[in-house]
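The values are calculated or read from the model by the stated rules, or taken from the named source; none is laboratory data. All figures in this text were calculated on a predicted structure; none of them were measured in a lab. Here the Cβ positions follow ideal geometry from the backbone for every residue, glycine too, while neighbour counts run over all protein chains shown. The accessibility values were calculated without ligands, DNA or RNA, using every heavy atom of the protein model including side chains. Shrake-Rupley method; radii C 1.70, N 1.55, O 1.52, S 1.80 Å.
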2 protein chains.
Amino acid sequence: MINQGADLDRAFHALADPSRRLIVERLARGPASVSELARPLTMSLPAVMQHLQVLEACSLVASEKAGRVRTCRIEPEMLRRVEQWVARQRTTWERRLDRLGDYLAEDQQEGIQR
Amino acid sequence: MINQGADLDRAFHALADPSRRLIVERLARGPASVSELARPLTMSLPAVMQHLQVLEACSLVASEKAGRVRTCRIEPEMLRRVEQWVARQRTTWERRLDRLGDYLAEDQQEGIQR
DNA sequence: AAGATAGTTAAGCATCCACTTGACTGTAGT
DNA sequence: ACTACAGTCAAGTGGATGCTTAACTATCTT
């Protein structure tokens, strides 16, 4: 529990790369092989492999090899954790704004009543 | 519209750093000065400044200077965009799983009917 | 068995990142 | 005026990142 942030470090970092996000977007539509993932990317196969390793290292993606083809798929749990962290900050902020709004409205009421 | 991904690149990269996430978590609870943000971080003030510049460059944070103190606050729009991208991938994946479940259930039905 | 396909490993390289220290600027309190 | 405070600018450094090419392995196809 102490270092649970390190997972988020890696996940956010993994998603900071447009090629890796493209891979995730593709995998969200269903499993795919390495070369299928590589096709839309303008880089060498080893480079794609390295991106996949980054995505696997932070559990955003999983893969198994059957014969000579490795099939990759989304691992939704980490996606959920990333989403939750972001949502938490946003809602914390928005709830605070609401309270502030209430306070100001109250204040205005008092002003009127005087 | 063409390069809207570059914003996400920067936002995800910004959030990949634990110190920067700590800053965002703090700001979600309300505006704060630079030194207030620096207090829990074990690094020099210029380092904190650089983190803030990263957060401002991708519009996750905004700030104004009044007198000698710069007050920083969350800029929720980019947080929303990050959240939406992640949510989109997750839901795309989950809807696909649902369809797959339906298909399998249907298949089982046919099997029974035969 | 020979060749094509799919992926993997290793090494090297340019660039970027997070941080530091030191010098400096503008504002506030006394 | 003068000292402290809050923040800023600039330059440098060590280590990580994203890519490349070349060589290699394992599996399918004919």
Based on the alpha carbon coordinates of chain A, what radius of gyration and maximum Cα-Cα distance (Dmax) apply, in Å? 21.7, 81
Net charge contributed by nearby residues that have their C-beta within less than 11 Å of A:A14 (K/R +1, D/E -1): -1
Everything considered on the Cα gyration tensor (a ≥ b ≥ c; rounded for a/c under 1.5, else prolate if a/b is larger than b/c, else oblate), the stretch A:46-99 must be described as prolate
Read phi for every residue in the stretch A:6-22 and hand back ³J(HN,Hα) as whole Hz from Karplus 6.51 cos²θ - 1.76 cosθ + 1.60, θ = phi - 60°, with x for Gly and Pro. 4, 4, 5, 3, 5, 5, 4, 4, 4, 7, 6, 9, x, 5, 5, 5, 4
Tell me, what is the percent relative contact order of the stretch A:5-113, built from C-alpha pairs under 8 Å that lie six or more residues apart? 26 percent
The long-range amide H neighbours of B:E75, using H built 1.01 Å from N in the peptide plane and a cut-off of under 5 Å, are B:V61, B:A62
Once phi for every residue in the stretch A:80-88 is put through the Karplus expression 6.51 cos²θ - 1.76 cosθ + 1.60 (θ = phi - 60°), the whole-Hz ³J(HN,Hα) values, with Gly and Pro written as x, are 5, 5, 4, 4, 5, 4, 5, 4, 4
Based on DSSP, what percent of beta bridges with both residues in chain A are antiparallel, to the nearest 5? 100 percent
Comparing each residue of the stretch B:31-80 in the complete protein assembly with the chain by itself (heavy atoms, probe 1.4 Å, ligands and nucleic acids ignored), those losing at least 40 Å² of accessible area are B:L79
Between B:V86, B:V54, B:V24, where does the largest GNM mean-square fluctuation fall for chain B, given springs only between Cα atoms within less than 10 Å? B:V86
When the expected Rg is taken as 2.2 N^0.38 Å, what fraction or multiple of it is the alpha-carbon Rg of the protein assembly as shown? 1.28
Quick one: Karplus J couplings for the stretch B:25-31, per residue in order, coefficients 6.51, -1.76, 1.60, θ = phi - 60°, nearest Hz, x for Gly and Pro? 4, 5, 5, 4, 7, x, x
Taking amide hydrogens as modeled 1.01 Å from N in the peptide plane, which residues meet the under 5 Å criterion relative to A:R70, leaving out close sequence neighbours? A:V34
Please say if the stretch A:9-55 is rounded, prolate or oblate, where rounded means a/c under 1.5 for a ≥ b ≥ c the square roots of the C-alpha gyration tensor eigenvalues, and otherwise the choice is prolate for a/b larger than b/c and oblate otherwise? oblate
When Lys and Arg each count +1 and Asp and Glu each count -1, what net charge do the other residues less than 13 Å away from B:P31, Cβ to Cβ, add up to? +3
